[in-house]
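**Q** Handing you a structure now.
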Amino acid sequence: MNKNAIIITTVGLIIGTAEALLYYNLGQSAGQKFAYKIPPTKEFLKTVGVVLVTSVLTAGISGMIESRFNDEEKQTA
């Protein structure tokens with residue numbers, strides 16, 4: 001895993017987890033005053049696992065796209 005993939009994965013994990021927690025709390029507070037809380041441990045770990053997988057996929061796909069663009073630039077140079 002290269003440096004860019006690690007950065008993309010880490011940022012995706014942090015932002016994705018924050019987003020998931022926001023949606024969780026919006027759902028829990030539906031029709032009531034908004035309150036922030038962390039879901040039960042098992043549910044939280046499942047959420048972080050899903051966000052981690054999507055962050056790794058995002059980093060991998062981004063790397064493939066970047067590599068394709070770099071190959072095209074080398075061919076036209």
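Only the coordinates and a few stated rules stand behind these numbers; no lab work does. All values derive from a computational prediction rather than experimental measurement. We place every Cβ from the backbone using ideal geometry, glycine too, and count neighbours over all the protein chains shown.
**Q** Using +1 on the beta carbon of Lys and Arg, -1 on that of Asp and Glu, and nothing else charged, what's the dipole of the stretch 3-72 about the Cα centre, debye to 20?
**A** With only Lys, Arg, Asp and Glu charged at Cβ, the dipole is about 420 debye.
**Q** Toward the positive end of the charge dipole of the stretch 3-72, about the Cα centre and with charges on Cβ (Lys, Arg +1; Asp, Glu -1), which of 5, 55, 65 goes farthest?
**A** Of the options given, the answer is 55.
**Q** Among the trypsin sites (Lys or Arg not before Pro) within the chain, which fall in a DSSP loop and have no more than 12 other Cβ atoms within 10 Å of their own Cβ?
**A** 33, 37
**Q** Tell me which lysines have Cα within less than 26 Å of residue 74's Cα, excluding those fewer than 8 residues away on the same chain?
**A** 3
**Q** Only one of the listed values, [x] 253; [y] 102; [z] 92, was derived from the coordinates as volume of the Cα convex hull per residue in Å³; which label is it?
**A** Checked against the structure: label [y].
**Q** If each DSSP helix of 4+ residues adds -39,500 (n - 2.57) and the sum is divided by the residues in the chain, what number results at 222 nm, nearest 500 deg cm²/dmol?
**A** -29000 deg cm²/dmol
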